[in-house]
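One structure is given here, and the rest of the page talks about it.
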Amino acid sequence: MEKVLQVKNLEINFRTINGQLQAVRDVSFDLYRGETMAIVGESGSGKSVTSRAILGILANNAIVKGGKIYYDGKDLLKISEDQFHKIRGDKIAMIFQDPLSSLNPIMRIGKQLTEAMILKNRASRRESRKLFNSLMAELVKYMDMTGEQYEISNKQKSIDFNKFEFKDLELENAYNTAVASADDVATIIENLLFEVEKLSYSNCKRYINEIIKYAPLVQNEFFVKDITKINEQVELIKTIKKDSIKNSDYAQIISAVKIIDAEIKEAQKLDKPNFFSLAYYLTFVNPEKPNETVAELNKLTRKILDEEFMLEFIDRTRKALEISHKESIENSKLAITACQKLLDEFNKNSEDKKNIRLLEKEAIAAVENSIDKLDIYRTSPAYVFKSSIFDSLNLYYQADKLNMDMQKKYDKKVAAYNRITEKGKTPNWNLIPITLWNRDSIKNDIVENIQAIIDYLNSFVESKEPDYQKEAIDIIDYFKEKASNVVYKVTRQSAKTKAIKLMEEVGIPEPYKRYRQYPFEFSGGMRQRIVIAIALAANPEILICDEPTTALDVTIQSQILELINKLKAERNLSIIFITHDMGVVANMADRISVMYAGKIVETGTCDDIFYDPRHPYTWALLSSMPSLDTKEKLDSIPGTPPNMINPPVGDAFAARNKYAMKIDFEKQPPLFKVSDTHYAATWLLHPSAPKVELPKTLVDRIENMKKVGVTSDGTVQ
């Protein structure tokens, strides 16, 4: 499966008046395309802080002590706010617990839905054009390196592809506009007929004007059979509108709209043309469309495209990919040598800063050169090696000076504090203890970072040869996607159309009417649906759901969870779902990570966690889930979470764990492997630990869940 996000060794503290609170401690996980990963834990466990770090919206008193968050070839912990602006809400979107916190109470819903679309569109188009051009230039360069001679040059082939691909998108967008407008007009006609039946003539006028406005947009030669028929009826409605409305005589108008409606319904039954092959035909073969059925047209144009252009273009791309990959392999071998030199010199505890910096520069250049220039996935850690190692070495060599500066500032604050107390007064501020940089810890991070890139490059060199044919097709799809982003221009009208479609998609009734309403006119569940629609407006790749159902009643919770599941399947979204309630994610998570006191204490598939839990904290969470036949009082977790300003030395859950052993209070447990998908951080999994049986109530509950499952509202049946 393709990784879309990697969180590695994340550590986040918060400055408080009593010292630094350790909110996230060495958290690591991967998110794969199209999966839902749930992060479950009590309030204060660090789950929401982790999600906010991914989105770059941590509070001002947050300190990122270490770690990396890889996305699209970038470390999100090191990019600027301007770079984050291109990602936040566009590539990665978030749904918060309280929908009102995401909505402007004095702005209409429609405005809030369309605003982000319009603002993001221009930047997205510019970025997509840049990516399209740069990759196409690289592809042509590697095509030329094959040394093969063609009648049409590789550069001309790329120009031709560019030309007809943008023609394809021009045709596709016009067609999609017609389809969307047809849906709009069909709904408007339905509303008009209903209002006429009710004799509500004041509303009829509005619907008639909307038909006159939107019906012409349906007239696309690839959508409707007879483009003049609808236009004739629209002109007829314009002619008779004034007198008919004045006399409340809608017979002629009704007859005309029914003809329009019939034409739309007939058009909606027709097959969609293959615009990619049709665009090539119209651009290079004949500007006139053949008078064929859609099926015959698709077959004809596809045959011509394949024979005259596409099969050869894919073959050229395949050969270019082979050269590019083999070049990357050889460059990776050189990068391994350069990184090993840096690692060896650094491990000597050499204080020859100049030599270290020279070796660092060589290693960075070698690693960046090892990146496959035709790579479209950007998941390699080589993309972020430069920023990571550069910052770490800077910090290593400046740590002593930074510590001296911090100590001086702290000593001044202490002196000022003491002067006030010596006068018998109480300062109106507290001394916040400082945490100095530890050079040994920084060194360990640097060594680990260099070793990690060496290990990655070694695995890349030793990996089996990829399927170049498949990768060639993937590159073609990538070009089509970027071209689509370039061409897709959001106008106010198209933004409104898309917003209404989104409102329908998330289950908002009467979207035309509710488009102009304010947030206070919606119920809690409907407001959350609006927030989901806003989050989806930019077609994000990752959706973070931070307790999205906590503020809703149980019935609405179930509807929202079903909606998120439906949207995930339809849009192939990757979802991070944050919750304190195990039951909420029972029917939607692919994998679950259980967090406690800033650490992941257990992680596995949904079945692993629900049917084979291994950590006592997970046992406690499962035991607190309600069931439909529960009569006795539910189990609760004794005690309270630890003070994370001074976290426990050993297992943070030990004080609340009746199964705790002596070692739990002395040393933190590692993540023990239960299976290839299942890990748990508990000393109970150590081979020398005594065997502990699951509580009988939990055993019974697991057996019951295996038989009948968990309902969509999170209760055990």
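The values are calculated or read from the model by the stated rules, or taken from the named source; none is laboratory data. Nothing here was measured: the structure is a model prediction, and the numbers come from that model. For neighbour counting, all protein chains shown are included, and Cβ atoms are generated from backbone atoms with ideal geometry for every residue, glycine included. Just the protein is used for accessible areas: all its heavy atoms, side chains included, with ligands, DNA and RNA removed. Shrake-Rupley method; radii C 1.70, N 1.55, O 1.52, S 1.80 Å.
Cross-link partners among lysines for Lys409, C-alpha distance below 28 Å, same-chain residues fewer than 8 apart left out?
Lys65, Lys78, Lys353, Lys401, Lys423, Lys425, Lys443
Take the alpha carbon atoms of the range 347-383, find their center, do the same for the range 143-166, and report the distance between the two centers in whole angstrom.
One Cα centre to the other: 34 Å.
Count the net charge of all other residues whose Cβ sits under 13 Å from the Cβ of Ala267, scoring Lys and Arg as +1 and Asp and Glu as -1. Please report the intermediate quantities before stating the final value.
On the way: positive: Lys225, Lys229, Lys265, Lys269, Lys272; negative: Asp183, Glu221, Asp226, Asp261, Glu263, Glu266, Asp271.
So the surrounding residues net to -2.
If you average the C-alpha positions of the range 69-89 and of the range 589-610 separately, how far apart do those two centres end up, in angstrom?
If we compute the Cα centre of each part, the gap is 26 Å.
Given an 8 Å cut-off on Cα distances and at least 6 residues of separation, report the relative contact order of the range 128-286 as a percent. Before the final figure, lay out each step's value.
Numbers: 126 pairs, mean separation 44.8, N = 159.
Computed value for the range 128-286: 28 percent relative contact order.
Which entry is the computed Cα Rg over 2.2 N^0.38 Å for this structure: (i) 1.22; (ii) 1.02; (iii) 1.15?
Given (i) 1.22; (ii) 1.02; (iii) 1.15, the structure-derived one carries the label (iii).
What is the spin-label model distance, in nm, from Ser202 to Thr421 if the labels are put 7 Å beyond Cα along the C-beta direction?
7.3 nm
Give the lysines whose C-alpha is closer than 16 Å to that of Lys111, dropping any in the same chain fewer than 8 places away, or say none.
Lys120, Lys496, Lys498, Lys501, Lys513
Give me the distance in nm between label points sitting 7 Å out from Cα along the Cα-to-Cβ direction at Gln407 and Asp82, one decimal.
Going by the 7 Å Cα→Cβ label model, 3.8 nm.
With contacts defined as alpha carbon pairs under 8 Å and 6 or more residues apart, what's the relative contact order of the range 570-693 in percent?
Averaging sequence separation for qualifying contacts and normalising by length gives 22 percent for the range 570-693.
Could you work out how far apart the two model spin labels at Leu436 and Gln156 are, taking each label as a point 7 Å from the Cα in the direction of the beta carbon, and quote it in nm?
Those two pseudo-labels are separated by 7.1 nm.
What is the local net charge at Ser51, summed over the other residues whose Cβ is closer than 14 Å to its Cβ (Lys, Arg +1; Asp, Glu -1)?
Residues close to Ser51 contribute a combined charge of +1.
Mind checking the per residue accessible area of the range 1-49 for me, 1.4 Å probe, whole number of Å²? Each step should come with its number before you reach the end.
On the way: 1810 Å² over 49 residues.
Each residue of the range 1-49 exposes 37 Å² on average to a 1.4 Å probe.
If the cut-off is a Cα-Cα distance under 20 Å, which aspartates and glutamates reach Lys696, setting aside same-chain residues fewer than 8 apart in sequence?
Asp607, Asp608, Asp612, Asp629, Glu632, Asp635
Using protein chains only and a probe of 1.4 angstrom, how many square angstrom of Met404 are accessible, to the nearest 10?
That residue has around 110 Å² of solvent-accessible surface.
Order the peptides 141-154, 379-392, 526-539 from the highest to the lowest mean number of other Cβ atoms within 10 Å of their residues.
With the highest mean Cβ count within 10 Å placed first, the list reads 526-539, 379-392, 141-154.
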